[in-house]
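One structure below.
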Amino acid sequence: MTLDQAQDLAAALGLPRFRGEQAWRWVHGKGAIAWDEMTNIGPEVRARLAEGAQIGTLTLAEVQRSKDGTKKLRFTTRDGYSIESVLIPDGEKTTQCISSQVGCAVDCQFCATAKLGLTRNLDAGEIADQVYRARALLAAEEPDRRITNLVYMGMGEPLHNYDNVMRSLRILTSDLGVGIGQRRITVSTAGLVPRLEKLGNEDVRPNLAVSLNASNDRVRDEIMPINKKWNIAKLLGALRAYPLEHRRRVTFEYVLLAGVNDSLADAADLAKLLRGHRCKVNIIPFNPHPEAGYTRPSPEAITAFQNECKRLGLPTYLRTPRGDDIDAACGQLANRSNGELLVPLRVKKRASPPAPNVD
Ligand code: SAH
């Protein structure tokens, strides 16, 4: 619930609105998972509130630790599904990568999560709870670290779960909760054009990342079937119209796949395509997983691609894989533990892509 919803609930239960705010602060500020932790609310009022709300939605089922310090957290939902979240230490910063859905419907051919298919959306509480549970883990294990940044880049397509993602943004940015600033939050999308247009009109303004991954429609159609619905021209058109705030840029993600989109001609096409956009490109060398029929380009090919982009004036950053030894890097989240799948995949290996049934 957002703070407003909690206050409305209190009122609907015949309680003063501030009781809703008190309970909300316990859950979203202090990470309470049991009603009796709420020491400034009497037992009768707590029992009344508990009639209308559940708290503590996720259970931390497993923590996997990478040799680079990255931790992959697997959570179980109340109805028994698994989702994953990744804590990535980076100097003073700690970024948490959170999931927005159980599985994903988008079917990008290079992504392990796509092979799970979509089970259901996460609700706003389940999205936010990943942060509270991770924060509690950090407090126990590395008390000097705080979660400073959030990226909606875990399992799922955030804009397919638009309302819950917006609600979670309102919750997580609230000063009465964990209060993570909107400039420290990034929402990443495979490119749902109508929802991008809607996002541009919201009052909460996270950073925007867009998974472009190709420099022409022929390749993008093949690796991201969603491109058949909204092609590169439509996507870039929507982004040109996107009301970016002062000094902000859109991040384009570009997964580098050997022999597919990594040639110097691709780099040149990409630079041309993005000319005039206030943007930067994050190059993500393909992270392998057993379900994908792709390979990572050689270090020389990666450098050559990046240098060509730079030479043509396109700002690019190379994303170093983090947590790839525990299947926690970009595109590897599929509920694996020690390399074993804990939940069977629902989509066949290299299935021929169906037309995406999304609006
Ligand atoms: N559905 C959203 C959020 C996921 S973000 C989106 O598509 O943006 C995950 C990022 O990892 C995306 O940019 C995706 O293109 C990238 N990715 C997926 N599979 C990958 C892989 N195997 N190796 C490297 N990057 C991958």
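Can you confirm whether the stretch 191-198 contains a residue that is out of contact with any helix residue (DSSP H, G or I) (no Cβ under 9 Å at 6 or more places or on another chain) and either in a helix (DSSP H, G or I) or more than 30 Å from GLY20 (Cβ to Cβ) (or both)? The answer is no, given that none of the residues of the stretch 191-198 is out of contact with any helix residue (DSSP H, G or I) (no Cβ under 9 Å at 6 or more places or on another chain) and either in a helix (DSSP H, G or I) or more than 30 Å from GLY20 (Cβ to Cβ) (or both). Inside the stretch 87-130, can you point out the residues that are of a type in the set (S, T, N, Q) and in contact with a strand residue (DSSP E or B) (Cβ under 7 Å, 6 or more places away or on another chain)? Of everything in the stretch 87-130, those that are of a type in the set (S, T, N, Q) and in contact with a strand residue (DSSP E or B) (Cβ under 7 Å, 6 or more places away or on another chain) turn out to be THR94, THR95, GLN96, SER99, SER100, GLN101, THR113, THR119, ASN121, GLN130. A single member of GLY103, GLY117, GLY91, GLY156 is over 26 Å from ARG65 (Cβ atoms) and assigned by TED's automatic domain parsing to the domain that holds HIS289, and it is GLY117.
Residue by residue, here is whether (1) buried (at least 22 other Cβ atoms within 10 Å of the Cβ); (2) within 16 Å of the ligand (Cβ to nearest atom) holds:
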| site | (1), (2) |
| --- | --- |
| ASP123 | no, no |
| TYR132 | yes, no |
| GLY154 | yes, yes |
| GLY179 | no, no |
| THR186 | no, yes |
| VAL193 | no, yes |
| ASN201 | no, no |
| ASN207 | no, yes |
| ALA214 | yes, yes |
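If you check ARG319 against the conditions, is it on the phi < 0 side of the Ramachandran plot, among the charged types (D, E, K, R) and within 15 Å of the ligand (Cβ to nearest atom)? It is true that ARG319 is on the phi < 0 side of the Ramachandran plot, among the charged types (D, E, K, R) and within 15 Å of the ligand (Cβ to nearest atom). Taken together, the residues in the stretch 260-315 that are at positive phi and in contact with a strand residue (DSSP E or B) (Cβ under 7 Å, 6 or more places away or on another chain) amount to 0. In the stretch 287-300, the residues that are within 11 Å of the ligand (Cβ to nearest atom) reach residues that are polar (S, T, N, Q) with C-beta atoms within less than 7 angstrom, at least six apart or across chains, in these pairs: ASN287/GLN332; HIS289/GLN332.
So that you can scan it fast, the table gives a plain yes or no per residue for (1) over 23 Å from LEU333 (Cα atoms); (2) assigned by TED's automatic domain parsing to the domain that holds CYS330; (3) not in a loop (DSSP other than H, G, I, E, B):
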| residue | (1), (2), (3) |
| --- | --- |
| GLU253 | no, yes, yes |
| VAL260 | no, yes, no |
| ALA267 | yes, yes, yes |
| GLN306 | yes, yes, yes |
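Of these, ASN149, ASN164, which one is among the polar types (S, T, N, Q) and more than 12 Å from the chain's Cα centre (by Cα)? Only one candidate qualifies: ASN164. Within the stretch 316-333, the set of residues being of a type in the set (Gly, Ala, Ser) and in contact with a strand residue (DSSP E or B) (Cβ under 8 Å, 6 or more places away or on another chain) comprises GLY323, ALA328, GLY331. With respect to the stated conditions, ASN213 is on the phi > 0 side of the Ramachandran plot and modelled with pLDDT of 95 or more. Among the residues of the stretch 111-121, the ones that are surrounded by 24 or more Cβ atoms within 10 Å (Cβ to Cβ) and either closer than 22 Å to THR148 by Cα or of a type in the set (A, V, I, L, M, F, W, C) (or both) come to 4 in all.
Looking across LEU87, LEU49, LEU13, one residue alone is surrounded by 15 or more Cβ atoms within 10 Å (Cβ to Cβ) and under 26 Å from THR148 (Cβ atoms). It is LEU87.
The values are calculated or read from the model by the stated rules, or taken from the named source; none is laboratory data. Bear in mind the structure is a predicted one, so any value in this text is a computation, not a measurement. Note that each Cβ is placed from the backbone with ideal geometry, even for glycine, and that neighbours are counted across all protein chains shown.
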